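Report on the following structure.
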Amino acid sequence: MTNWLLRVVLKGETDYSNRVNRLKVGYLAGGVGVITNIILAILKLAIGILISSIGVIADGVNNFADSASSIINLIGFKLSSIPADKEHPYGHGRLEYVSALLVAFMVILVGIQFTRSSIERIITPRVVEFNLIPFVILILSILVKIWLSKFNRKLGELIESKGLIATATDAFGDVLITSVVVVSIIVGQFTTLPIDGIIGLVVSFFIIYAGYNLVKDTISPLIGEAPSDELIQSIYDDILKYDYITGAHDLVVHTYGAGRTMATIDVEFPADIDVITIHDVIDQAERDIGERYNLTLVIHMDPLGPESKERYQLRNHVKNIIKPLDIVKSIHDFQIIEEDGDKIIELHVVVNGDKINKNETFDDIKENMEKKVEDLTQGYKCRIILDVDFQ
């Protein structure tokens with residue numbers, strides 16, 4: 001059914017990275033979510049009132065919250081598709097994360113409210129009546145939610161939407177919640193314990209936990225999370241395949257919402273290469289890699305000075321001094337320059353941010369490295385530019 005709905009909405013299109021197609025898929029997911037959850041919510045509320053079960057009523061209200069979250073997701077997709085403007089030159093893609101965050105807080109509030117109601121039901125328990133037809137409807141609702149979870153996950157993976165993937169996880173959580181409620185109805189027929197209130201409390205905790213996970217999953221990209229190690233390594237590997245490029249460093253990736261990613265990188269090449277020639281290579285690399293990874297790539301050209309025996313030997317000597325340090329990942333842009341009669345070794349050192357001692361500042365690290373190099377390379381001063389990498 002999912003594939004059929006995609007064919008109807010996209011009219012045979014399969015380019016899910018296209019912004020128009022991505023928006024259509026988002027609308028499809030939101031629309032199906034709203035309709036399905038409203039129907040389930042009405043049925044469960046009616047059943048809950050009929051059999052006097054706070055657990056079923058809580059589950060029904062949770063479905064209403066899910067339908068509201070689908071509406072907010074729809075609004076988020078619409079707002080995030082607004083084109084870039086003067087005030088927001090990188091577009092409005094992160095509004096999708098803001099809408100998901102609103103959904104998360106709403107889910108938590110629902111959970112807190114039903115925690116209170118469930119505690120009251122434990123204090124003043126009521127008998128939960130068993131009725132076959134409502135019971136069967138609850139079983140069917142579990143099957144519907146399983147399908148809805150798979151539906152949202154598939155669409156979320158197709159368009160790389162954290163919001164839809166989070167919704168899929170929430171839907172699977174609903175499967176567990178309703179299953180627990182069904183079990184409580186059965187068990188409640190054989191005991192005088194306030195099973196309904198206890199199960200309602202369990203359901204409430206599930207709801208709050210689902211809301212917490214939604215908050216966690218949406219705040220990270222909203223703040224700006226690191227790209228995957230696989231993406232970083234792939235870009236480095238690809239860029240080194242181009243003619244004349246001998247090295248690459250300082251890759252920075254910024255994401256402003258799904259499909260709105262920018263990256264910058266420095267590439268090294270021999271200084272004696274004709275500027276027009278290397279410029280054409282850079283342009284080609286920006287186009288190819290940008291299309292391959294669906295991002296805007298900007299490459300900074302970093303020409304290497306002519307090699308000499310002194311420079312070659314000194315560079316290897318400095319590498320042997322610095323590279324053994326545990327936090328050092330790589331060294332680049334090695335230069336020997338003269339200023340006011342002093343010979344200065346200048347280089348960039350990339351350090352692993354995860355291995356830095358929390359009691360050390362970046363200035364402390366840099367000064368210690370510079371002193372170490374100066375002590376072991378007589379006649380030279382050292383100037384280190386420190387680059388921190390958390391990959």
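The values are calculated or read from the model by the stated rules, or taken from the named source; none is laboratory data. Treat the numbers as computed from the prediction; the structure is a model and nothing was measured. No Cβ is skipped: glycine too gets one built from the backbone with ideal geometry, and neighbour counts run over all protein chains shown.
Details
- Scan region 371-384 for residues that are closer than 23 Å to Ser308 by Cα and surrounded by 13 or more Cβ atoms within 10 Å (Cβ to Cβ) and the total you get is 9.
- Residue tally, condition surrounded by 15 or more Cβ atoms within 10 Å (Cβ to Cβ), touching a helix residue (DSSP H, G or I) at 6+ places or on another chain (Cβ under 8 Å) and under 23 Å from Thr277 (Cβ atoms), over region 229-255: 6
- Residue that is nearest to Asp250 (Cα to Cα) [pool: residues in region 338-361 that are over 32 Å from the mean Cα position of the chain (by Cα) and surrounded by 12 or more Cβ atoms within 10 Å (Cβ to Cβ)]: Leu347
- Residue check, Ile71 touching a helix residue (DSSP H, G or I) at 6+ places or on another chain (Cβ under 7 Å), surrounded by fewer than 19 Cβ atoms within 10 Å (Cβ to Cβ) and within 22 Å of Leu101 (Cα to Cα): yes
- Among residues of region 244-300, those that are among the β-branched types (Val, Ile, Thr) and under 25 Å from the mean Cα position of the chain (by Cα), counted: 10
- For Ala68, the conditions (1) aliphatic (A, V, I, L, M); (2) modelled with pLDDT under 80; (3) over 13 Å from Thr167 (Cβ atoms); (4) in a helix (DSSP H, G or I) all hold with the exception of (3).
- Scan of region 66-119 for residues that are among the hydroxyl-bearing types (Ser, Thr, Tyr) and more than 20 Å from Gly224 (Cα to Cα), ordered by number: Ser67, Ser69, Ser70, Thr115, Ser117, Ser118
- Residue within region 20-42 that is of a type in the set (Gly, Ala, Ser), free of Cβ contacts under 8 Å to residues at least 40 places away in the same chain and surrounded by fewer than 21 Cβ atoms within 10 Å (Cβ to Cβ) present: no
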